[in-house]
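The values are calculated or read from the model by the stated rules, or taken from the named source; none is laboratory data. Values in this document were obtained by computation on a predicted structure and should not be read as measured data. Note: ideal-geometry Cβ built from the backbone for every residue, glycine included; neighbour counts use all protein chains shown. The accessibility values were calculated without ligands, DNA or RNA, using every heavy atom of the protein model including side chains. Shrake-Rupley method; radii C 1.70, N 1.55, O 1.52, S 1.80 Å.
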Number of protein chains: 2
Amino acid sequence: MKRTTYAGLVDEKYLGQEVVLKGWVQKSRNLGNLIFADLRDREGLVQLVFSHEISEEAFKIAETLKSEYVIEIVGKVVGRAENAVNPNMKTGKIEVETSKVTILNEAKTTPFSIEDDTTATDDTRLRYRYLDLRRPEMQRSLMIRNRITQTVHRYLDENHFLDIETPYLTRSTPEGARDYLVPSRVYPGHFYALPQSPQLFKQLLMGAGYDRYYQIARCFRDEDLRGDRQPEFTQIDMEMSFMTADEIREMTEGLLKAVMKETLGIEIETPIKQITWNEAMDRFGSDKPDIRFGMELQDMAEVVKGAGFKVFDSALENGGQVKAIVVPGGADKYSRKKIEEKQEYIKRFGAKGLAWMKVTDEGLAGPVSKFFKEKEAEVKEATGAKAGDLLLFVADNRKVVADSLGYLRVSIAKELDLIDNSKFAFIWVVDWPLFEYSEEFERYIAAHHPFTMPNEEDLDLLETDPHKCHAQSYDIVLNGYELGGGSIRIHRRDIQEKMFKALGFTKESAEAQFGWFMEALDYGFPPHGGLALGLDRFAMLLAGKDNIREVIAFPKNSKASEPLTNAPSTVSEKQLEELYLRTENK
Amino acid sequence: MKRTTYAGLVDEKYLGQEVVLKGWVQKSRNLGNLIFADLRDREGLVQLVFSHEISEEAFKIAETLKSEYVIEIVGKVVGRAENAVNPNMKTGKIEVETSKVTILNEAKTTPFSIEDDTTATDDTRLRYRYLDLRRPEMQRSLMIRNRITQTVHRYLDENHFLDIETPYLTRSTPEGARDYLVPSRVYPGHFYALPQSPQLFKQLLMGAGYDRYYQIARCFRDEDLRGDRQPEFTQIDMEMSFMTADEIREMTEGLLKAVMKETLGIEIETPIKQITWNEAMDRFGSDKPDIRFGMELQDMAEVVKGAGFKVFDSALENGGQVKAIVVPGGADKYSRKKIEEKQEYIKRFGAKGLAWMKVTDEGLAGPVSKFFKEKEAEVKEATGAKAGDLLLFVADNRKVVADSLGYLRVSIAKELDLIDNSKFAFIWVVDWPLFEYSEEFERYIAAHHPFTMPNEEDLDLLETDPHKCHAQSYDIVLNGYELGGGSIRIHRRDIQEKMFKALGFTKESAEAQFGWFMEALDYGFPPHGGLALGLDRFAMLLAGKDNIREVIAFPKNSKASEPLTNAPSTVSEKQLEELYLRTENK
């Protein structure tokens, strides 16, 4: 029989009607002459009632029902007695008097129960992912992700974008993160690589005149995993020709507005605020500022200079900075021990220490306060600190100060619950440096990627002083997370050549690796630019989760394996032989 | 300046207006005092006019324009003189008096010209794919593909399907085609596999209660390439719970109807005709019948029996068949030599010969006609052949007869141009055998895959005589191509176990390979089924092409390599070491 509607959608408008429903038994209660069972499907629960009066046959079957049995029922929708109404359920005003029930499949007792509150470990959840995915919060999260996806398709189609697929079996490029490789059976010793992003292909599509491209594209990076990293992740990837950075941002804002509206019913204001990379680092100590709360970094150089505290003075003399954040009401909440823990933590950013003062009714307190007795008014004025607040200072070079105070600002705001989690605060970070220094490679690397166009006015610097160049690039930040980023790309061969040179390529090495792409630029590439949004992260933030695993149906665990199917696995000798491979087991 | 519209869309409604256009110079003609240039973008061409009167400056720049230069122009839309109107162009009634032109990028002379008629070889086209993709027919093809994709998203969203992504790094399963492998850096000697389809993951999603799933999913098979095969291809992948095969077909028909309407403006009739697999083999000699033309296979057993032609009689005595097709007007068009070529070709299907007769005004002609002199009227009546027709006979077992005549039917219809190429003829092929004999593996294999549900009434046969089982499976066929296929799946563990047994698995080998999946079936899987459509093939047919390379932006060539980026390539020693791999170069 054809289902009438989803169980979770049976409400008062079905009163008096006969319905056919199909789903899972959430639980059942046998009261002797009456059996209640909750029937679950992806839209929610509905209460079924069985009695001898309604149907003897159905009652007999109902006695055998266990949780997670799959059933089909026929019944009549009736109103519940006043005192039985459940205002927390969409279907809470009705129940279904069940005259017929068919068991479509039985179920063993599940290793954990199918409900939002679960004590199952992460590994158990992944091992039995098909059960974990039955939990309503997982279903809600994947439905939010689906709604984002649907909105992206609709909005970009309406705006004349073409969905064009680019290859997943591509060529390995040593620039950037580590590639996943795929051995070729046709060419011994040769490998494809899974793409880290469709960057060059989408640029080629602009060169080919497609004008507006997008793709919801899987990307792959073989890097060690952190909380919100996965070996494969998904990008909303867009590229446009003949558009300025402003026009690209405007288009993106339209997309974000549509997504927020259709997924959560939230109207966001556009245009979205912009902040330069420099200002973001100065005020928030971060290139992805969370602007849902204050606690901005205050430059204290003028105030602390010459007060006699050597650490501050010598930092300033060496061309460094002294900055502070104010922790509102932090004087009581942060003990010396807790502050020392923070101090320990920020050593990873290169900070040599964390100076602090508490503002009390009796004046400044704490170990370094003695240097600032006479400057109390000035300190308070510069920071806006009031009695009961805690002041945290870092004195060092710009990067260390920003990284340390940027971290402290966010971690303390979270600890003190200063962030309004119902807010969705977008901000553009613009005017990025073109290059950044990589400690890992001990040289300058591209801050975004080597195809990013420098600012018009910095084009000359590209040859003389490349590391001073800023770029026509932009990140979109949501609640302190980098949601996406993009740039105007280089469409002229001469600029692309200079870019590779600035990155340390020789003419030969650039040619060997990207010669085919530079040749393409010879044949009439239009000005173009684009943007990619992280779909996993976007869905995670809109679903209110803190790990992208919660919005991916079948993620890998933190060791890049998949406990359900047991991937990766060993393979047969024959498979390896066909690929001309031997493995060195260790 | 912001573009007013696409060059190819500037028509009479812009008359008198100033427009800003951006695109590529298709060609330019300098008449001395007047320069004409065609400006191209993805929507088409528009004619630009430059003259000393309109703008001296623009005229000077226009003199330097070459094909494929990228330009931006400002101009006024004016009507063309009566005799200059080009009725073949959407923009043929107007031209743009260009007052300003900016060269945005120059272009070298391209290795082939950017137009539909190209003499460039396939390899040149792939080597310069970004130029090949500029050709209008490639752009039209990729736009048709995009329109299919957009319609799929819209239709399935409206029908409550959820777009859910499944992993691309999965576990290798030896059943089926050859996997592409991806070595793991974390687990020495272990490999992920790229999925051949999301089959088990979509079934798990049904087990997890998502009810209606779809995904436009990339699939990977490391097989030797044929005309319409690629290492990676794309499936419109759907799965539904609690639906019968009829309901799944109805849903699919709605999708096909929407796609045909939105891509080509064609209304197709639904419900789409169904034919059983048996009938398709009998009448068309094919499990993917092209029903746009007749020439069906005629059973000639009753007519030819005992006529004295040994070949026919012994085939029938051995339990085989004698069948014929009529080639209308074929008597003149097929010489003995041409028929012998056909005979040679069908040897690959196991045919030992091809008997033929021509129907002439003087009766039957040809080497075997002497046996049928007395049966001429019967032969003509059974086949419907008229004077001038050619009769082709194959006598052998059922499979050889079907394969041979099925091939002859289609190849001859193409040669004689008997097929109406403007037609799009869909047909369902239903009630497939559950198993088919594989010459390659010398055993029975699953005709679709091991998760296909047998027909209700054949469930008992699964243990006693499995190879007689038919399945709840269905293919959708378009113009003689298998567009897609699907089935009701097995949702009960006991049936799945019997299925593996029938496929030759031991209890242990089934457990080792699919134990995790059979365990999932223990926990309450709903009845479910689905379907996958080949997007590449669908786009190819709607674009009127005969190779899926023509509807893929960056395909591999026939040797699975990609001549533009040169994938696959060798990789560094360091990359191999990190993966614990050594290659055996040959």
Failed condition for A:ARG292, given (1) closer than 19 Å to A:ILE427 by Cβ; (2) buried (at least 18 other Cβ atoms within 10 Å of the Cβ); (3) within 21 Å of the chain's Cα centre (by Cα), with all others met? (2)
With respect to the numbered conditions (1) open to solvent by 40 Å² or more (accessible area, probe 1.4 Å); (2) touching a strand residue (DSSP E or B) at 6+ places or on another chain (Cβ under 8 Å), which one is the sole condition not fulfilled by A:VAL186? (2)
Can you tell me which of A:SER369, A:SER422, A:SER411 is modelled with pLDDT under 95, under 28 Å from the mean Cα position of the chain (by Cα) and surrounded by fewer than 22 Cβ atoms within 10 Å (Cβ to Cβ)? A:SER422
Quick one: which residue in A:ASP228, A:ASP224, A:ASP179 is more than 7 Å from every other protein chain (Cβ to nearest Cβ), assigned to a loop (DSSP other than H, G, I, E, B) and open to solvent by less than 20 Å² (accessible area, probe 1.4 Å)? A:ASP179
What pairs come out if I take residues in segment A:182-207 that are more than 7 Å from every other protein chain (Cβ to nearest Cβ) and pair them with residues that are open to solvent by 10 Å² or more (accessible area, probe 1.4 Å) and charged (D, E, K, R) whose C-beta lies under 6 Å away, six or more apart or interchain? A:ALA193/A:ASP179; A:GLN196/A:ARG221
Filtering segment A:50-66 down to residues that are buried (at least 19 other Cβ atoms within 10 Å of the Cβ) and under 45 Å from the mean Cα position of the chain (by Cα) yields A:ALA62, A:LEU65
Note: among A:ALA120, A:ALA107, just one is more than 13 Å from chain B (Cβ to nearest Cβ), under 30 Å from B:ASP494 (Cα atoms) and crowded, with 16+ Cβ neighbours inside 10 Å, namely A:ALA120
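Taking the residues in segment B:153-168 that are more than 8 Å from chain A (Cβ to nearest Cβ) and touching a residue at least 24 places away in the same chain (Cβ under 8 Å) as candidates, determine which candidate is surrounded by the fewest Cβ atoms within 10 Å (Cβ to Cβ).
Taking segment B:153-168 as the starting set, the residues that turn out to be more than 8 Å from chain A (Cβ to nearest Cβ) are B:155-156, B:158-161.
Right, trim to touching a residue at least 24 places away in the same chain (Cβ under 8 Å) and you get B:155-156, B:159-161.
Working: B:TYR155: 19, B:LEU156: 24, B:ASN159: 14, B:HIS160: 12, B:PHE161: 24.
It comes out as B:HIS160.
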Name every residue in segment A:444-468 that is in contact with a strand residue (DSSP E or B) (Cβ under 8 Å, 6 or more places away or on another chain) and polar (S, T, N, Q), in order of residue number. A:THR452, A:ASN455
All but one of (1) within 13 Å of chain A (Cβ to nearest Cβ); (2) out of contact with any Gly (no Cβ under 7 Å at 6 or more places or on another chain); (3) touching a residue at least 60 places away in the same chain (Cβ under 8 Å); (4) not basic (Lys, Arg) hold for B:VAL78; state the number of the condition that does not hold. (1)
Only one of (1) open to solvent by 20 Å² or more (accessible area, probe 1.4 Å); (2) in the same structural domain as B:HIS160 (by the TED database) does not apply to B:SER241, and that is (1)
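Of all residues in segment B:24-49, which are on the phi > 0 side of the Ramachandran plot and either at pLDDT 95 or above or open to solvent by less than 20 Å² (accessible area, probe 1.4 Å) (or both)?
Hit for segment B:24-49 is B:GLY44, nothing else.
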Could you identify the single residue in A:LEU133, A:LEU156 that is outside the structural domain of A:ILE445 (by the TED database) and among the aliphatic types (A, V, I, L, M)? A:LEU133
Among the residues that make up segment A:307-315, is at least one of them part of a loop (DSSP other than H, G, I, E, B), within 18 Å of the chain's Cα centre (by Cα) and at pLDDT below 95? no
Report whether or not B:SER99 is among the small types (Gly, Ala, Ser) and either open to solvent by less than 10 Å² (accessible area, probe 1.4 Å) or assigned to a loop (DSSP other than H, G, I, E, B) (or both). no
Output for segment A:182-221, where each listed residue is assigned to a strand (DSSP E or B) and among the charged types (D, E, K, R): A:ARG212, A:ARG218
Test result for B:GLN150, open to solvent by less than 20 Å² (accessible area, probe 1.4 Å), within 9 Å of chain A (Cβ to nearest Cβ) and over 20 Å from A:LEU204 (Cβ atoms): yes
A:LEU392 - would you say it is open to solvent by less than 10 Å² (accessible area, probe 1.4 Å) and either at pLDDT 95 or above or more than 17 Å from A:GLU302 (Cβ to Cβ) (or both)? yes
Looking at segment B:333-348, which of its residues are of a type outside the set (A, V, I, L, M) and touching a strand residue (DSSP E or B) at 6+ places or on another chain (Cβ under 7 Å)? B:TYR334
Test: residue in segment B:270-284 that is surrounded by fewer than 19 Cβ atoms within 10 Å (Cβ to Cβ), within 19 Å of the chain's Cα centre (by Cα) and among the basic types (Lys, Arg): no
Can you say whether B:ASP246 is out of contact with any strand residue (DSSP E or B) (no Cβ under 6 Å at 6 or more places or on another chain) and either outside any strand (DSSP E or B) or buried (at least 22 other Cβ atoms within 10 Å of the Cβ) (or both), as far as the supplied structure shows? yes
Residue list for segment B:234-269, filter: among the aliphatic types (A, V, I, L, M) and under 20 Å from the mean Cα position of the chain (by Cα): B:ILE236, B:MET238, B:LEU255, B:LEU256, B:ALA258, B:VAL259, B:MET260, B:LEU264, B:ILE266, B:ILE268
Go over the candidates B:ARG127, B:ARG171 one by one and state the one that is open to solvent by 40 Å² or more (accessible area, probe 1.4 Å), within 7 Å of chain A (Cβ to nearest Cβ) and charged (D, E, K, R). B:ARG171
Check whether at least one residue in segment B:372-393 is free of Cβ contacts under 8 Å to residues at least 24 places away in the same chain and touching a Leu at 6+ places or on another chain (Cβ under 6 Å), and report yes or no. yes
Between a residue in segment A:271-293 that is over 18 Å from A:ASN479 (Cβ atoms) and at pLDDT below 95 and any residue that is open to solvent by less than 30 Å² (accessible area, probe 1.4 Å) and basic (Lys, Arg), which pairs come within a Cβ distance under 7 Å, given they are 6 or more apart or on different chains? none
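Consider B:LYS90 carefully, then state whether it is assigned to a loop (DSSP other than H, G, I, E, B), assigned by the TED database to the domain that holds B:ARG29, more than 23 Å from the chain's Cα centre (by Cα) and not hydroxyl-bearing (Ser, Thr, Tyr).
In short, yes.
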Among helices (runs of 4 or more DSSP H) entirely inside segment A:463-563, those with 1 or more residues being within 14 Å of chain B (Cβ to nearest Cβ) and within 30 Å of the chain's Cα centre (by Cα) are A:535-542
